[in-house]
Amino acid sequence: MPIISLKNVSHTYSQGTPLSVSAIENINLDIESGELVGIIGHTGSGKSTLVQHLNGLLKPTQGTVEIDGEDIWLNKKKIRSVRFKVGLCFQYPEYQLFEETVFKDISFGPKNMGLSKEEIKNSVLRAANYVGLKEELLNKSPFDLSGGEKRRVAIAGVMAMNPKILILDEPTAGLDPKGRKEILDMIVDYRKKTGSTVLLVSHSMEDVAGISSKILVMNKSKVAMYDTVDNVFSRAEELENMGLNVPQITRIFMKLKAKGVSVDSNVYTVNDGCKRLVSLMKGGNV
Ligand SMILES: Nc1ncnc2c1ncn2[C@@H]1O[C@H](COP(=O)(O)OP(=O)(O)O)[C@@H](O)[C@H]1O
Ligand SMILES: [Mg+2]
């Protein structure tokens, strides 16, 4: 049974008014437990709207959202428990930090869940560890931290609830390449340690290609593709038509192929590309 199942889900903002916007349309999607799904698509394609349906922040204007086989809106009283099971970290989450100390900020979720003091402390320490925050930072004010550290605190706050499904909306936005890599490594590590299902929204192919088990491509409010990384990138032309950037290294291989060099175009990391070129220059198969 898929852990997430969307059946014919649509969402129209301000429905029935002149300002109505159809943000997602007729989404049918099954996500299996344990996947790391990279969600990509151009700005305004519906990524954030889609993920906000998964923990009940938004209610579909049509269709059903099932988590663990249960329609999350069947019993409205249960929606609170869905928010604990499906942890969602918004884009630029550091703007939502508000407590006096980092510890208090990270413990906000576990406290709401009604955990004991001891359990709260353990959850905070575990989450701080996942995101690589040193213990001495826990007593500082979140406002005294660097941008990258604040981002980690915000992500730790969601991880501290120990959600079965972790969703991060553009967690690397605005960070430099080093900061981006650190956050991505941390997400991969978290999934390995916890076995949770992770959904990662990004508009960067480079970010998601190397780490995702599946890629979900949103285009104009609809799911255009949901497949393995290789299968998605083998449709590079369609992606380009959607205005999505195929990684540069993949484009190089596509161009080589178009020129008659016998290479595959399913290359999406520089490392892999180098290996294949070396092999090609040695006269081997690529
Ligand atoms: N709160 C909102 N009210 C009205 N329209 C919205 C709101 N949030 C998003 N939209 C619109 O819905 C569409 C999808 O937006 P969004 O889900 O934020 O896409 P993405 O995350 O892929 O950039 C866009 O046309 C956007 O302008
Ligand atoms: Mg968005």
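Each reported figure results from applying straightforward, stated rules to the coordinates on display, with no laboratory input. Predicted model, so just to flag it, every value in this text is computed and none were measured. Note: ideal-geometry Cβ built from the backbone for every residue, glycine included; neighbour counts use all protein chains shown.
Taking each residue as 0.36 nm, the span from Asn26 to Asn112 lengthens on full extension beyond its C-alpha to C-alpha distance by 27.6 nm.
Counted residue by residue at 0.36 nm each, then reduced by the alpha carbon distance between them, the extension gain from Val261 to Cys274 reaches 3.1 nm.
Compared with the alpha-carbon gap, the fully stretched path from Ile211 to Lys121 is longer by 29.3 nm at 0.36 nm per residue. Scanning residues 5 or more positions from Gln62 or on other chains, those with amide H under 5 Å from its amide H are Ser10, with H placed 1.01 Å from N in the peptide plane.
Once the Cα atoms are used to define both axes, helix 177-194 deviates from the longest principal axis of the chain by about 70 degrees.
Each of His42, His11 has some number of other Cβ atoms within 10 Å of its Cβ, and from fewest to most they run His42, His11. With K and R counted +1 and D and E -1, the other residues having a Cβ less than 11 Å from that of Val263 yield a net charge of +3.
Think of it as helices only: each DSSP H run of n ≥ 4 in the chain is worth -39500 (n - 2.57), and spread over all residues that comes to -11500 deg cm²/dmol at 222 nm. Taking the fewest neighbouring Cβ atoms within 10 Å as the starting point, the ordered list for Arg251, Arg151, Arg180 is Arg251, Arg180, Arg151. Between 0 and 90 degrees, the angle of helix 117-130 with respect to the longest Cα principal axis of the chain falls at about 20 degrees. The H on the amide N of Leu199, modeled in the peptide plane, is under 5 Å from the matching H of Val37, Leu166, Ile167, Leu168, each at least 5 residues off or on a different chain. Looking at the chain, the pairs of alpha carbons with a distance over 27 Å make up 45% of the total. In the chain, the longest principal axis of the Cα atoms and the axis of helix 270-281 are about 20 degrees apart.
Per-residue 3J(HN,Hα) values for the stretch 18-35, derived from phi via the Karplus relation 6.51 cos²θ - 1.76 cosθ + 1.60 with θ = phi - 60°, read x, 8, 5, 10, 8, 8, 9, 9, 6, 7, 10, 7, 10, 10, 7, 4, x, 6 Hz in sequence order (x marks Gly and Pro). FRET efficiency for the pair Lys7 and Ser81, taken as 1/(1 + (r/R0)^6) with r the Cβ-Cβ distance and R0 = 25 Å, rounds to 0.75.
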